[in-house]
Each structure stands twice: as structure tokens, then as C-alpha cells.
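Asks: One structure is given below, represented as C-alpha cells, and several questions about it will come after.
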Amino acid sequence: MADRTFGFEAAYDDAIIDNAAKTFVRRLFRKYLWLLVVACILNIVGFVFVLILPGTSKVMTAAIGMLAALGPVYFPWAYLRLPKTFAAAMKQGLKPNAHLSVSSSSFTISAKGRSFSKPWTDLRAILEFPDYFLLVVAPLAFTFIPKKDTPPEAQQLIREASRLLVQPNPTIERDAPQAGRPSL
């Protein structure tokens, strides 16, 4: 099959950049919330052990106490601050518009003399929202493609790439019974 490519200009404004950054951070915290809670609990338990155990230094007690106290305060602060940080960087690089190229194997975003290209298979996730496609590049990195300027054919290529990223779970058996195995 030939590699179809669609090139187009996309407008990036403050509202859509802020929205994409907030969506990414919400997804990030939803995915890793359990890990953050466990880290906070372990810090608190460690602090209690430092208080109980004899012979611990005051410096160690103060350091672990600060970790135990600041962890639960830091994560909500980061939840509120990270979208602004991500959005500020994207506003510098993408506003007012960028040239995008979408093919069946990769995408490219070019703006202000810089270019970023990535094969679809290297992405962690492609999520579709009403105004944009959110492309998760790494655990703490993302970009997005606004839908309003994206040709329908390019949107379809992005949806197809999204389906390719979803890998089947090998532990789930197929519906049809296999030879020599009883069906349930």
C-alpha cells in the first residue's frame, strides 16, 4: 500500500493549547495517581518509623519529615501548575500556526524553523477529543493536532494509526474453541 501524505496549515491559539495541556495533565495524574498515593503513604510510614526508632539523627528525622509533609502538598500544586508550564512552551513553539504533515506511517509538525517528526508506532497513545487529537509522545511529553484545520482524510489516517497502537491482549483467549480444548 502506498504511503498517503496530507500536508496542511493548522492554527494554534491560546484556548486550544491550554485545553490540550489540561487534558494531558488530567490523563497523566489519573494514570499515575495510585503511584503518587503510595509514595506519599510510604513517606509517612517511613517518618513514623524514624520517630519510633531510637538513635536516629535529627537531620534524618527532619529530612524524612519534610518529605512526608511536602509530598501531599506538592502533587496538587503540580496538578495545577503543570498545564501552565506545558502550555507556555507550546505557545512559544506553535503559535500562531504550524505546518503539519500526516501520513499513514508518521506525522510531522513544523513551526518557526523547527520540525518534529515521529512514526505513529513510537507514540504511547493517540486520543481523540472534539477539538484535537492528543498525541502522547512519552510519559511527560505530548503534542496535539487541531481538528478544525485537519482535512478529513488526514483525520482518518490519525484514527487508523490510533487503532494500530492498541495491541491485543495475548492472555485473552479467542471466542472460537481450539482443537483439543473444551469451550466454556
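The values are calculated or read from the model by the stated rules, or taken from the named source; none is laboratory data. Please read these numbers as outputs of a predicted model, since none were measured by experiment. We place every Cβ from the backbone using ideal geometry, glycine too, and count neighbours over all the protein chains shown. These area figures cover heavy atoms from the full protein model, side chains too; ligands, DNA and RNA do not enter into them. Shrake-Rupley method; radii C 1.70, N 1.55, O 1.52, S 1.80 Å.
Asks: Comparing I44, I109, I52, which has the greatest mean-square fluctuation in the GNM of the chain with Cα pairs linked when under 10 Å apart?
Replies: In the Gaussian network model the winner is I52.
Asks: Near the amide H of R4, under 5 Å away, which other amide H atoms are found, from residues 5 or more places off or on another chain, if H is placed in the peptide plane?
Replies: For R4, the qualifying residues are S104.
Asks: Here is a further query. Which of F47, Y74, A111 sits farthest toward the positive end of the charge dipole of the chain, with +1 on the Cβ of Lys and Arg and -1 on the Cβ of Asp and Glu?
Replies: So the residue we want is F47.
Asks: Could you size up the charge dipole of the range 62-134 around its Cα centre, putting +1 on the beta carbon of Lys and Arg and -1 on that of Asp and Glu, and report it in debye to the nearest 20?
Replies: Once rounded to the nearest 20, the dipole reads 320 debye.
Asks: So who's got an amide H within less than 5 Å of the one on F142, skipping anything under 5 residues away but keeping other chains? H placed 1.01 Å off N, in plane.
Replies: V137
Asks: Quick one: putting +1 on the C-beta of Lys and Arg, -1 on the C-beta of Asp and Glu, what dipole do you get for the chain around its Cα centre, in Debye to the nearest 20?
Replies: For this selection, approximately 460 debye.
Asks: While we're on this one: Around K147, which amide H atoms from residues at least 5 apart in sequence, or from another chain, sit under 5 Å from its own amide H, with H modelled in the peptide plane?
Replies: Sorted by chain and number, the residues that satisfy this are Y132, F133.
Asks: Is any helix in the chain, taking whole DSSP H runs, at least 18 angstrom long along its axis by alpha carbon and on average at least 0.0 on the Kyte-Doolittle scale, and which ones?
Replies: 14-52, 58-94
Asks: Related question: Over the range 1-47, consider all pairs of different Cα atoms and compute the Kirkwood hydrodynamic radius from their mean reciprocal separation; express it in Å, one decimal.
Replies: For the range 1-47, inverting the mean 1/r across all distinct Cα pairs yields 14.5 Å.
Asks: Here is a further query. For q = 0.11, 0.16, 0.19 Å⁻¹, what log10 I(q)/I(0) does the chain give under the Debye formula with an equal point scatterer on each alpha carbon and no solvent?
Replies: So the normalised log intensities are -0.67, -0.97, -1.21.
Asks: In whole percent, and with a 1.4 Å probe on the protein chains, what portion of the accessible area of the range 24-129 is carbon and sulfur?
Replies: 70
Asks: Here's another thing I want to ask about it. Where only protein heavy atoms count, and the probe is 1.4 Å, what is the accessible area per residue for the chain in Å²?
Replies: Heavy-atom accessible area per residue stands at 65 Å².
Asks: Tell me whether the range 85-125 comes out rounded, prolate or oblate; compute the Cα gyration tensor, take square roots of the eigenvalues as a ≥ b ≥ c, and use a/c under 1.5 as the rounded threshold.
Replies: Judged from the Cα gyration tensor, the range 85-125 comes out oblate (a/c at least 1.5, b/c at or above a/b).
Asks: Do any GluC sites (Glu not before Pro) in the range 94-173 lie in a DSSP loop with no more than 13 other beta carbon atoms within 10 Å, and if so, which?
Replies: E173
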